[in-house]
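All remarks here apply to the structure that follows.
The values are calculated or read from the model by the stated rules, or taken from the named source; none is laboratory data. Just so it is clear, the structure is predicted and the values come from calculations on it, not from any experiment. Glycine gets a Cβ as well: all are built from the backbone with ideal geometry, and neighbour counts include every protein chain shown.
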Amino acid sequence: MIAFSLRREASSLAVRIGAVAVLAGGLAVLCPGLAIASEITGLWLTEDGDGVIEIRPCGEQRCGRIAWTKDPYGPDGKLSLDRNNPDPSLRSRRTCGMQIITGLKQQADGTWADGRVYNPENGQTYGMKIRRDAPDTIKATGYLGFELFGQTQEWRRAPKNLAGCEEPSKKVTAQ
C-alpha cells in the first residue's frame, strides 16, 4: 500500500513537472515578450526625438554615446560643443559622438542600474537605470540621489537611416 502511494505521488509529481515545462514553453512561443532578454544594446531614439543614444557593451557593463542629434549645431552655427562641462579642458569636445552613459550593471531583475548619465545641456551627471519594456522600447531613468525623484523617458529603437555624427548635414526626422 505504501509503495503504491509513493509511485502514485512520483507519477503525479512527474505529470506536474511536465505540465509546467509545457506551459512555460507555450508561453515563450505565444508571448515572446516574456522571453525578451534584458539586453539594452542598440541605437535608441530619445523621447523628444532630438537625439539617438548608442548603448553598447563596456566589458560586463553597458555604456552609451550620442550617435545622432537632430540639430548638431549650436546657437553660433558651429558644431555643438560640451560648453557646460564643469571641466574647462573638456568644453571644446563635440557633443555628437561623446560618451554620456557609463557603468550600467545588469541586476537580478533584468534591469541595468548603478550607472551614470552626463547631460551636456547643463553639465550635470545623474544616476541612471534602464529597463527593457519591449523589443523596441526601453525606459531610461535619470536621477539625483534617489531614483524615486528621477525622470523616466521612453526610448524607441532608432530608424536605420540616420546619418550619425560623421554626416551632420543629413537630417532625418523622428517617426
Exercise for the section: Determine whether the stretch 57-78 contains at least one residue that is assigned to a strand (DSSP E or B), touching a Cys at 6+ places or on another chain (Cβ under 6 Å), modelled with pLDDT under 95 and over 18 Å from Ile130 (Cα atoms). Expected result: yes
Handout entry: From the options Lys170, Lys129, residue that is basic (Lys, Arg), in the same structural domain as Asp50 (by TED's automatic domain parsing) and either modelled with pLDDT under 95 or touching a strand residue (DSSP E or B) at 6+ places or on another chain (Cβ under 9 Å) (or both)
Key = Lys129
Practice task
Say whether the condition of being surrounded by 14 or more Cβ atoms within 10 Å (Cβ to Cβ), among the hydrophobic types (A, V, I, L, M, F, W, C), free of Cβ contacts under 8 Å to residues at least 12 places away in the same chain and not in a loop (DSSP other than H, G, I, E, B) is met by at least one residue in the stretch 89-110.
Solution key: yes
Exercise for the section: Test each condition in (1) part of a strand (DSSP E or B); (2) on the phi > 0 side of the Ramachandran plot; (3) not basic (Lys, Arg) for Gln153 and report the one that comes out false. Expected result: (2)
Completion exercise
Selection from the stretch 127-148 of residues aliphatic (A, V, I, L, M) and surrounded by 15 or more Cβ atoms within 10 Å (Cβ to Cβ) yields Met128, Ile130, Ile138, Ala140
Exercise for the section: Confirm whether Ala35 is of a type in the set (Gly, Ala, Ser), closer than 26 Å to Thr111 by Cβ and at pLDDT below 50. Expected result: yes
Handout entry: Odd one out for Ile138, checked against (1) within 10 Å of the chain's Cα centre (by Cα); (2) in a loop (DSSP other than H, G, I, E, B); (3) of a type in the set (A, V, I, L, M, F, W, C)
Key = (2)
Practice task
Scan the stretch 43-61 residue by residue and report those that are touching a residue at least 60 places away in the same chain (Cβ under 8 Å) and surrounded by 15 or more Cβ atoms within 10 Å (Cβ to Cβ).
Solution key: Leu43, Trp44, Leu45, Thr46, Glu47, Val52, Ile53, Ile55
